[in-house]
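> My questions will all concern the structure given below.
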C-alpha cells in the first residue's frame with residue numbers, strides 16, 4: 001500500500017523533528033538554561049470560526065477545493081466573536097487517485113486583521129500560501145479513519161511597523177475519525193462524531209526555537225443532510241509555541257461551525273431534451 | 001425361390017416348428033412397452049421391456065419413466081433395470097419444482113428461459129431387490145438453471161439390504177455422522193456437527209439400538225442433557241428408525257424436552273431422510289416391486305394395548321370417521337355457505353361445525369393417524385393423552401357464530417359427557433362419541449333448514465364454483481394481508497369484505513328468479529377473477545415501489561468522507577407518487593371498487609409505473625417544479641400525463 005509507506009515516512013519525519021541534534025551538543029547550556037527558563041502558557045484566547053468547505057467535482061478525477069473561513073476572536077468586552085480575526089480563502093485542484101486517496105495543490109489568500117487594540121500597525125495585511133495535501137482514508141468497522149498530510153509554504157507579515165514578509169514552511173499531520181452514531185455507515189441522515197487531532201510543525205529562517213506551531217484537539221458532531229451537504233459543529237483546544245520565544249505558548253478555545261458542500265458540475269444527464277413530455 | 005419356400009411351408013414338420021416358435025415367443029419373448037404410464041398419480045411416459053408369464057407382465061431389462069414436457073415445471077424421472085420384476089443394478093430417481101425466470105435470454109439465436117427451484121435425487125443400486133452399496137439422496141437448490149447449492153445430502157451404505165457401518169447426512173449448516181451395527185441397529189454416539197466439523201451441536205447416544213441420552217448444546221457453555229427411562233427393556237422391540245420412531249420418542253420426552261429437540265436439528269435431518277426413502281419405497285411399491293430403504297433399526301419399549309384399549313381405539317376411529325364425514329358434508333355444502341351469510345340459525349350451526357373441527361377433530365385425527373401407523377403400543381397411554389391434550393380434553397361446549405361474526409354458544413342437546421382430566425382412552429372415546437352426537441344433531445337441524453332451501457340444479461354448479469372462488473380469494477387475502485404495510489392491508493381487507501358483501505347480496509336474490517340468479521352468478525365469477533388479479537397486483541406494490549426508488553437512486557462518491565452514498569434524484573416525482581398518487585389509488589380500493597372499475601384501476605396503476613420509469617431519463621425540471629406546488633392527486637396524475 002503506497003499510502004501506508006507515505007504515512008510511515010511522515011511519522012518518522014515527525015519524530016525526527018522533535019530531536020534537535022544541535023541541542024544534544026550543548027548539553028551543559030541546556031541544564032543551565034532550564035534553571036532559568038521555564039515554559040509559560042499565555043492566557044487562553046477564545047475564538048469562533050465559521051468555515052465553509054467546498055469540493056466541487058469538475059471531472060472524473062479532478063475536483064476544485066473552495067474554502068472560505070471566517071475567524072472571529074474575543075475582545076475585552078465580547079468573548080469568542082468580538083472582532084474578525086482572519087478571512088481565509090483556500091483554493092486548490094484536487095485529484096482523486098482512488099476511492100480512499102486524494103491529493104491537492106493550490107493557494108491561499110488569507111486576510112489578517114489587526115486585532116491588537118494597542119498596535120499602531122496597519123488594519124489589514126494579506127498573507128499568501130502555496131499548499132499541497134495528501135489524504136488517505138481507511139475504513140474501520142462502520143467508521144472511517146483519515147490521515148491528512150498538508151504542507152504549506154507561507155509568506156506572512158506581522159503588524160509591527162518594521163516587520164517585513166517572512167517565509168516559513170508548515171508541516172501538518174491530522175488524524176481524524178468519523179463514527180456514525182445512528183446509521184450503519186456514513187450515509188444521508190447519519191449523525192456522526194469526529195474526534196480529530198492535528199500537529200503543525202514549522203521551519204524557516206525565523207523559526208529558531210519554536211518548531212511546534214500548533215497542536216489542535218477537536219471534537220466535532222456532524223450531520224450528513226445528503227451526499228451534497230453536511231453540517232458540523234465542535235470545539236477545539238489548541239496550543240503552540242510563539243515565534244518570538246519558544247518557551248511561551250499560545251492557548252486557544254475555539255468553537256467551530258462547518259458547512260461542507262459538494263456540487264457536481266459534470267452532470268449532463270437529466271439535461272437531455274424531453275421527447276415525450278410537453279408540460 | 002418363392003415356389004420352393006411355398007413347398008417347404010406346406011411340409012408338416014415345418015408347421016410344427018412354427019407352432020413351437022410361436023408358443024415360445026408367446027411365453028418368453030421380450031416385448032417393449034412405450035407409452036403412457038402412471039406412478040402414484042403422476043402421469044407420464046414409460047419405456048420398458050417385459051415378458052408375459054402365465055398372464056402376468058414381468059418387467060425385465062431397462063426401465064425408464066418420465067414426467068416432463070416443455071412446459072412442465074415439476075418433472076419426475078425414474079431410471080433403472082428389472083429382472084423378473086425385481087429391481088437390479090443402478091437406479092436413479094429424480095424430481096424437481098422449478099419456477100421460470102421472468103426474462104428470457106438470447107442464446108445461440110434462440111430465447112432461453114432459465115429456471116430457479118429445487119431438485120431432489122435419489123441414487124443407488126439394488127442387488128436382487130435389496131438396496132446394496134452406497135445410496136445417495138440429494139436436494140439441490142437450482143438458480144439460473146444451474147445447481148447453485150447443495151441443501152441436503154445423505155450417504156448410506158447397504159449390504160444386501162442392511163445399512164452398514166457409518167452414514168452421513170449433511171445440510172448447508174450441519175453434518176450428521178451416525179453409526180450402525182451389522183444388524184442395522186443404531187449404536188454409539190450420533191453427532192450433529194457444525195459444517196466446519198468443529199462444534200458438536202447434538203449428540204444422541206445409542207446402545208445397541210436403545211437411545212440412552214440426548215445432549216444438546218444450548219450455547220458455548222451450556223449443554224442440555226435428556227435421559228431416557230431405561231426400564232422395561234425386556235419388553236423392547238426393534239422397529240425402523242423413521243418418523244414414527246421420532247413421534248414415539250417425542251411423546252416419551254415431552255416433559256423434559258423444553259427445547260423441542262424433535263422439531264429441529266438431528267431429528268429433522270433423520271425425518272427428511274426417511275421421507276425421501278419412503279417416497280422411493282412407495283414409488284417402487286406402485287411399480288409392483290416393493291423395496292425397503294428406511295431400515296435403520298432402533299429399540300423401543302412396548303406398552304401392549306389391553307383388550308379394553310383396543311376396543312376404545314376402534315370405537316374412537318369409528319366415531320372420528322363418522323364425525324369427519326358429517327362435518328365434511330356440512331362444511332362443503334355450497335348452499336349452506338351462502339345461506340349462513342344471511343340466516344342466523346344456519347350461521348350458528350355451520351360455524352359450530354367449524355368450531356368442532358378445530359377443537360375436537362384435529363386432535364382426534366392425529367390420534368387416529370397414530371393408530372394407523374401402529375405407534376400407540378410404544379407410547380404410554382398417559383403420555384399419549386397428555387401429549388395430544390396438554391391441558392386436559394377440551395371443555396364440553398361448542399361455540400358458533402352469528403351472521404355478524406359474534407360468538408354464540410351452541411345449545412348442546414345430547415346428554416353424553418366425558419371427564420376432561422384423564423389418562424384413559426375410555427374418556428377420549430366418550431368425547432369422540434359426544435362429538436359425533438353433536439354433529440348428528442346439527443346435521444338434523446340443518447336438514448330441516450335444508451328442506452327450506454329449494455334446490456336449484458341449474459345454478460348449483462355455478463354457485464359451488466362461486467363459493468369456492470370467493471373462499472380462495474379470502475384465504476389468499478388472509479394469508480397475505482398481515483405482512484403488508486398499513487395502506488395495502490386496508491385495501492386487501494376491503495376487497496375481502498367486498499367479496500363477502502357480494503356473496504351476501506347474491507344469497508338474498510329471490511330463489512324464484514332463477515334467471516337473475518344465474519346471470520348474477522356469471523357476473524360475480526368474472527368479478528371475483530378480477531379481484532384475484534387485483535390482489536396479485538396489490539401485493540406487488542411494495543416491491544415495485546422499491547424498484548422505482550432504486551431507479552431514482554444514484555450512487556455518489558463523496559470526497560469528504562471518501563465513501564459512496566446513495567442519492568435520491570428527482571425527489572419531487574417520487575414524493576408525488578408516494579405521498580399523493582399511491583395513497584389516492586389505494587383509497588379508491590379501500591372505499592370499494594365496483595366490478596367494472598377494477599380493470600380500469602389496474603390499467604391506471606400500470607400506466608403510472610411505466611410513466612414513472614420513463615420520466616427517470618427525461619428532463620423533468622419544469623415538471624418537478626409544478627409537482628412541488630401541487631397537492632391534488634388528480635392534478636398530479638394529469639401532470640404526470642396519466643389519464644384517469
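Just so you know, all these numbers are worked out from the coordinates, no wet-lab data involved. Values in this document were obtained by computation on a predicted structure and should not be read as measured data. Because the Cβ atoms are built from the backbone with ideal geometry, glycine has one as well, and the counts that use them run over all protein chains shown.
> How much mean residue ellipticity at 222 nm does chain B get from its helices, if each DSSP H run of length 4 or more adds -39500 (n - 2.57) and you divide by all residues, to the nearest 500 deg cm²/dmol?
-14500 deg cm²/dmol
> Relative contact order of region B:85-299, please, whole-number percent, based on alpha carbon pairs below 8 angstrom and at least 6 residues apart.
It rounds to 14 percent for region B:85-299.
> Right, here's the next one. For B:331, B:623, B:180, what's the fewest-to-most ordering of other Cβ within 10 Å of each Cβ?
Listed from fewest to most nearby Cβ atoms, that is B:331, B:623, B:180.
> According to the Kirkwood expression over distinct Cα-Cα pairs, how big is the hydrodynamic radius of region B:502-566, in Å?
16.3 Å
> Further question: Using the per-residue mean of other Cβ atoms lying within 10 Å as a proxy for protection, in what order, highest first, do the peptides A:113-119, B:357-363, B:383-389 fall? Kindly include the intermediate steps, with their values, before the conclusion.
Working: A:113-119: 12.0, B:357-363: 17.0, B:383-389: 18.9.
Ranking, from highest mean packing down: B:383-389, B:357-363, A:113-119.
> Could I ask something else about it? Work out the P(r) tail for chain B: percent of alpha carbon pairs separated by more than 33 Å, whole number.
Values: 141964 of 207046 pairs.
Of all Cα-Cα distances in chain B, 69 percent exceed 33 Å.
> Suppose we look only past 20 Å in the calculated P(r) of region A:57-161. What percent of the Cα-Cα pairs does that tail hold?
55 percent
> Taking the Cα centre of each part, how many Å lie between region A:175-224 and region B:493-567?
Taking the Cα centre of each part, region A:175-224 and region B:493-567 sit 54 Å apart.
> Between residue B:281 and residue B:166, what is the label-point separation in nm under the 7 Å Cα-to-beta-carbon projection?
2.6 nm
> How would you order B:561-570, A:136-145, B:184-193 from highest to lowest mean count of nearby Cβ atoms within 10 Å?
Highest mean packing first, the order is B:184-193, B:561-570, A:136-145.
> Another question, if that's okay. Just how far, in whole angstrom, is region B:339-394 from region B:151-199 if you go by their alpha carbon centroids?
A separation of 37 Å, based on Cα centres.
> Along Cα→Cβ, 7 Å out, is where each label goes; now give me the distance between the ones at residue B:106 and residue B:68 in nm to one decimal.
Result: 2.8 nm between the two label points.
> Restricting to Cα pairs below 8 Å that are 6+ residues apart, what does the relative contact order work out to for region A:49-270? Please round to a whole percent. Show your work: numbers first, answer last.
Numbers: 613 pairs, mean separation 34.4, N = 222.
Averaging sequence separation for qualifying contacts and normalising by length gives 15 percent for region A:49-270.
> Further question: So how far apart, in nm, are the two label points at residue B:271 and residue B:123 if each is 7 Å from Cα heading toward Cβ?
It is 2.9 nm.
> Roughly how crowded by other chains is peptide B:609-621, in terms of the mean Cβ count from those chains within 10 Å of each of its Cβ atoms?
3
> Indicate the gyration tensor shape class of region B:85-299 (rounded, prolate or oblate), computed on the Cα atoms with a ≥ b ≥ c the square roots of the eigenvalues: a/c under 1.5 is rounded; otherwise a/b larger than b/c is prolate and the rest oblate.
oblate
> Another one. Hey, could you get me the Stokes-Einstein D for region A:49-270, Kirkwood radius over alpha-carbon pairs, 37 °C and 0.692 mPa s, rounded to whole µm² s⁻¹?
173 µm²/s
> Now a separate question. Given contacts defined as C-alpha pairs under 8 Å and at least six residues apart, what's the relative contact order of chain B, whole-number percent?
Contact order relative to length: 6 percent.
> Within region B:567-589, name every residue whose backbone N is under 13 Å away from a label modeled 7 Å from Cα of residue B:616 along the Cβ vector.
B:568-570, B:574
> Could you give the distance between the Cα centres of region A:59-112 and region B:572-639, to the whole Å?
About 46 Å separates the Cα centre of region A:59-112 from the one of region B:572-639.
> Taking only Cα atoms, what is the 0 to 90° angle, nearest 10, from helix B:243-253's long axis to the longest principal axis of chain B?
80 degrees
> Using only the alpha-carbon atoms, how far is helix B:12-28 inclined from the longest principal axis of chain B? Give it as 0 to 90 degrees, nearest 10.
60 degrees
> OK, next. Please sort B:264-272, B:146-154 by packing, taking for each peptide the average over its residues of neighbouring beta carbons within 10 angstrom, highest first. Don't skip to the end; give the middle numbers.
Working: B:264-272: 19.0, B:146-154: 14.7.
Most protected by this proxy first, the peptides run B:264-272, B:146-154.
> Over all directions, how big on average is the projection of the convex hull of the alpha-carbon atoms in the protein assembly as shown, in square nanometres?
Average of the hull's projected areas for the protein assembly as shown equals 71.9 nm².
> What translational D, rounded to a whole number of µm²/s, comes out for region B:52-164 from Stokes-Einstein when the hydrodynamic radius is the Kirkwood one over Cα pairs, at 20 °C and 1.002 mPa s?
132 µm²/s
> Using only the Cα atoms of region A:118-178, construct the convex hull and provide its projected area averaged over every direction, in square nanometres to one decimal.
Mean projected area for region A:118-178: 5.9 nm², to one decimal.
> Nearest 5 is fine: what % of DSSP beta bridges in region B:85-299 come out antiparallel, could you say?
The answer is about 95 percent antiparallel.
> How large is the translational diffusion coefficient of region A:155-249 in µm² per second when you combine the Kirkwood radius over alpha carbon pairs with Stokes-Einstein at 25 °C and 0.890 mPa s?
It diffuses with D of about 156 µm²/s by this estimate.
> Would you please state the base-10 log of I(q)/I(0) at q = 0.09, 0.12, 0.22 1/Å for region A:87-215, with intensities from the Debye formula using one equal scatterer on every alpha carbon?
Calculated log10 I(q)/I(0) at the listed q: -0.38, -0.63, -1.30.
> In whole angstrom, how long is each semi-axis of the equivalent ellipsoid of region B:268-395, when you take the square root of 5 times every eigenvalue of its Cα gyration tensor and sort them from largest down?
The equivalent ellipsoid of region B:268-395 has semi-axes of 35, 22, 14 Å.
> Moving on to the next point. So if R0 is 35 Å, what FRET efficiency would residue B:97 and residue B:198 give, r being the distance between their Cβ atoms, rounded to the nearest 0.05? Spell out each step's value before the answer.
Numbers: r = 34 Å, r/R0 = 0.97.
Computed FRET efficiency for residue B:97 and residue B:198: 0.55.
> What percent of all Cα-Cα pairs in region B:478-616 falls into each 10 Å bin, going from 0 up to the bin containing the maximum distance?
10, 33, 26, 16, 9, 4, 2, 1
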